[in-house]
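To keep things clear, I will list the structure first and then write my remarks on it.
The values are calculated or read from the model by the stated rules, or taken from the named source; none is laboratory data. Predicted model only: the values in this text are computed from it and were never measured. Glycine also receives a Cβ, built like all others from the backbone with ideal geometry; neighbour counts cover every protein chain displayed.
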């Protein structure tokens, strides 16, 4: 197996493992990983170079959800499989796919796994693999990025306390949604468009299924006060949150979101973007191929699709 490998690290190690150690383990598994011409380039440039490599069996990325999302956007519609070494904090897509979360298991999956096409979302030509969020979450993420450069504990603590104090006072986002041809007003603290849908299972927070059935799901959270956020968190832990009174859930095939604003702040897979309105959402079915475990994952996809 011959792969183009991109390891996303700024500090010289990922998840406590050096890039050199990752390459050594990949080689020990009998996989040839091509070297990068310019490891100092930006992540999108490095991924673009990997995608352009001729004669490869897969593009493999080592990193967190942002790295995976960047690689997925570059590979949509190309047919080249994406291999994931999930070395981030959440590893959301890896969990959805049932991938091993340990490095050795993830490397073994590259050699033993099978390609599986999955769906991705598209908003005004921008790809997302998990969700696209409007409202308070996008604002919070923007503030988090602004404070990230100042890493003093006091600064981060002040930011976190400020978010909690003003949680219930963030203005509601009011937009007009055209949902499968029918117009309606959407008003909430948070509006999310999800590829597939979330399933409710105790201990599994924001696990999605199915993610290959050509479906988007719209969530509107009317209120996000401290108390309601805590109640929602408990619902996540217990696997019983979609029926809470502040949560509205709508399966959608075609969705447009209009606003009086010229552009809306959107968080796609954790990346905050300012996208011109109106926002046109669509599903791109089976547009991304990912290397997944061969047998167990197929059974799990079927079980979770039934649960959903």
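Here is a list: 51, 61, 14. Which entry is modelled with pLDDT of 95 or more, within 18 Å of residue 89 (Cα to Cα) and touching a strand residue (DSSP E or B) at 6+ places or on another chain (Cβ under 7 Å)?
On the way: 51 fails: within 18 Å of residue 89 (Cα to Cα); 14 fails: modelled with pLDDT of 95 or more.
None of the other options fit; the residue is 61.
Pick from 156, 173, 186, 190: which is modelled with pLDDT of 85 or more, surrounded by 12 or more Cβ atoms within 10 Å (Cβ to Cβ) and over 23 Å from the mean Cα position of the chain (by Cα)? Break it down into steps so the answer makes sense when it comes.
Values: 156 fails: modelled with pLDDT of 85 or more; 173 fails: over 23 Å from the mean Cα position of the chain (by Cα); 190 fails: over 23 Å from the mean Cα position of the chain (by Cα).
Matching residue, one of 156, 173, 186, 190: 186.
Please enumerate the residues belonging to region 265-280 that are in a strand (DSSP E or B) and within 16 Å of the chain's Cα centre (by Cα).
Filtering region 265-280 for residues in a strand (DSSP E or B) gives 265-268, 271-276, 279-280.
Of everything in region 265-280, those that are in a strand (DSSP E or B) and within 16 Å of the chain's Cα centre (by Cα) turn out to be 266, 267, 268, 271, 272, 273.
Filter region 201-233 down to the residues that are modelled with pLDDT of 80 or more, out of contact with any helix residue (DSSP H, G or I) (no Cβ under 8 Å at 6 or more places or on another chain) and surrounded by fewer than 17 Cβ atoms within 10 Å (Cβ to Cβ) and list them by number.
Of everything in region 201-233, those that are modelled with pLDDT of 80 or more, out of contact with any helix residue (DSSP H, G or I) (no Cβ under 8 Å at 6 or more places or on another chain) and surrounded by fewer than 17 Cβ atoms within 10 Å (Cβ to Cβ) turn out to be 214, 222.
Looking only at residues in region 249-264 that are outside any loop (DSSP other than H, G, I, E, B) and under 21 Å from the mean Cα position of the chain (by Cα), which one is farthest from residue 196 (Cα to Cα)? Can you show your working first?
Residues of region 249-264 outside any loop (DSSP other than H, G, I, E, B): 249-252, 255-258, 263-264.
Now drop any that are not under 21 Å from the mean Cα position of the chain (by Cα), which leaves 249-252, 255-257, 264.
Numbers: 249: 12, 250: 11, 251: 9, 252: 10, 255: 14, 256: 17, 257: 19, 264: 23 Å.
Step by step, filter region 249-264, then rank; the result is 264.
Out of region 89-122, which residues are crowded, with 22+ Cβ neighbours inside 10 Å and under 15 Å from the mean Cα position of the chain (by Cα)?
92, 93, 94, 96, 97, 99, 118, 120, 121
Determine if region 47-65 includes at least one residue that is out of contact with any helix residue (DSSP H, G or I) (no Cβ under 7 Å at 6 or more places or on another chain), closer than 22 Å to residue 209 by Cβ and surrounded by fewer than 20 Cβ atoms within 10 Å (Cβ to Cβ).
No: region 47-65 contains no residue that is out of contact with any helix residue (DSSP H, G or I) (no Cβ under 7 Å at 6 or more places or on another chain), closer than 22 Å to residue 209 by Cβ and surrounded by fewer than 20 Cβ atoms within 10 Å (Cβ to Cβ).
Quick check on region 76-86. Is at least one of its residues over 19 Å from residue 115 (Cβ atoms) and touching a strand residue (DSSP E or B) at 6+ places or on another chain (Cβ under 7 Å)?
Step one: filter region 76-86 for residues over 19 Å from residue 115 (Cβ atoms), giving none.
No.
Would you pick out the residues in region 198-214 that are in contact with a strand residue (DSSP E or B) (Cβ under 6 Å, 6 or more places away or on another chain) and over 16 Å from residue 98 (Cα atoms)?
Hit for region 198-214 is 214, nothing else.
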